[in-house]
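Visitor: One structure is given below, represented as structure tokens, and several questions about it will come after.
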Amino acid sequence: MDKATFLERIAKPLGRMPGTPPSPRTVVGVPSFWADRPSTPASRTASFIERFTGLAGEIVQYASIEELRIGLDHVLKDIGAAKIGAWGKEAPWSVDVEEVLERWQVLRWHAQTERRAFDDIEVGVTSCVCAIADTGTIVIASGPEAGRTVHQVPLIHIVILRASQLVQSLGEALRELAQAHERGEVAASNHFISGASRSSDIENDQTIGVHGPARVIALMLQDMT
């Protein structure tokens with residue numbers, strides 16, 4: 001096939017003649033019918049749960065902070081981990097679970113933490129920036145008190161969040177991160193976690209927990225109606 005025919009085959013589906021420049025783009029981002037979708041707290045919660053659990057995530061909802069604290073305590077007992085790691089006390093926790101973490105003598109992350117101390121943790125406990133209803137994704141920004149090792153190294157990752165942190169789309173989540181940046185809250189990295197870690201690199205055989213936690217458990221406070 002000669003070059004002219006090749007270019008013509010590419011240009012035709014695009015509605016262009018070969019050699020002509022593309023028309024100026026007047027719309028930036030997703031179409032308005034997608035960006036302006038109406039949603040309610042209930043619909044975002046239902047959508048997030050459906051997609052998160054569809055990706056092997058686990059979620060438990062609680063009606064009060066005290067119930068969530070009790071729930072976290074029960075989850076840690078059920079797991080029976082010998083070594084637990086968590087974000088530092090000054091990290092951006094969406095729910096105060098400090099008394100539970102102190103009771104379990106959890107290893108805490110802070111700016112001066114010796115990273116290798118977390119190499120063998122079995123469970124990591126963190127909060128998050130927000131969660132995306134469309135994709136069932138947890139969004140985490142790392143920082144001095146919120147090291148990414150806490151949620152990358154262990155086999156089990158427990159995420160503490162509020163229903164009010166749910167956003168509908170990826171675009172809204174990116175807006176939240178941009179606003180944090182404008183406030184001077186610059187993250188070392190931003191992670192988008194959609195369920196348990198999975199890989200099909202070897203003979204297309206899907207394996208869970210190869211590149212991260214094999215279980216992701218979300219404990220969500222229902223603070224919106």
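The values are calculated or read from the model by the stated rules, or taken from the named source; none is laboratory data. It should be emphasised that the depicted structure is a prediction, and the values quoted were computed from it without experimental measurement. FYI the Cβ positions are ideal-geometry reconstructions off the backbone, even for glycines, and counts take in every protein chain you see. Surface areas here come from the heavy atoms of the whole protein model, side chains and all, with no ligands, DNA or RNA. Shrake-Rupley method; radii C 1.70, N 1.55, O 1.52, S 1.80 Å.
Visitor: Keeping every protein chain in place, order I49, I10 by accessible area at 1.4 Å, biggest value first, i.e. largest first.
Guide: I10, I49
Visitor: So in the stretch 123-184, what percent of DSSP beta bridges are antiparallel if you round to the nearest 5?
Guide: 40
Visitor: Here's a follow-up. Find the centroid of the Cα atoms in the stretch 31-55 and in the stretch 114-171, then give the distance between the two in whole Å.
Guide: 20
Visitor: Sorted by packing (mean other beta-carbon atoms within 10 Å per residue), highest first, where do 140-146, 64-70, 155-161 land?
Guide: 155-161, 140-146, 64-70
Visitor: I would also like to ask the following. Determine the percent antiparallel among the DSSP beta bridges restricted to the chain, to the nearest 5.
Guide: 30
Visitor: Between A187 and A42, what length in nm is gained on full extension when 0.36 nm per residue of separation is reduced by their alpha carbon distance?
Guide: Taking 0.36 nm per residue and subtracting the Cα distance, the gain is 49.2 nm.
Visitor: Separate question: Applying the Karplus parametrisation 6.51 cos²θ - 1.76 cosθ + 1.60 with θ = phi - 60° to the phi angles of the stretch 14-20, what ³J(HN,Hα) value in whole Hz is obtained for each residue in order, glycine and proline being reported as x?
Guide: For the stretch 14-20, the Karplus-derived couplings read 8, x, 10, 8, x, x, 8 Hz, x marking Gly and Pro.
Visitor: How much net charge surrounds K83 when only other residues with a Cβ under 12 Å from its Cβ are counted (Lys, Arg +1; Asp, Glu -1)?
Guide: -3
Visitor: Still on this model: Using the Cα centre of the chain as the reference point, and only Cβ charges (+1 on K/R, -1 on D/E), how large is the resulting charge dipole? Debye, rounded to the nearest 20.
Guide: Around 820 debye, computed over the chain.
Visitor: Mind listing the phi-derived Karplus ³J(HN,Hα) values for the stretch 39-49, rounded to whole Hz, using 6.51, -1.76 and 1.60 with θ = phi - 60°, and x for any glycine or proline?
Guide: Residue by residue, the stretch 39-49 yields 8, 10, x, 5, 5, 5, 4, 4, 5, 4, 4 Hz.
Visitor: So, taking all protein chains as they sit and a 1.4 Å probe, how much accessible area belongs to W109, in Å² rounded to tens?
Guide: In the full protein context, W109 sits at about 10 Å².
Visitor: Which entry is the computed Rg and Dmax of the Cα atoms in Å for this structure: (i) 21.5, 73; (ii) 23.1, 77; (iii) 17.0, 49?
Guide: It is the value labelled (i).
Visitor: Ok, one more. Once the dipole of the chain is set up with Lys and Arg at +1 and Asp and Glu at -1 on Cβ about the Cα centre, which of A146, A42, G29 lies farthest towards its positive end?
Guide: So the residue we want is G29.
Visitor: Out of the total accessible area of the stretch 21-65 (probe 1.4 Å, heavy atoms of protein only), what percent is carbon and sulfur?
Guide: 63
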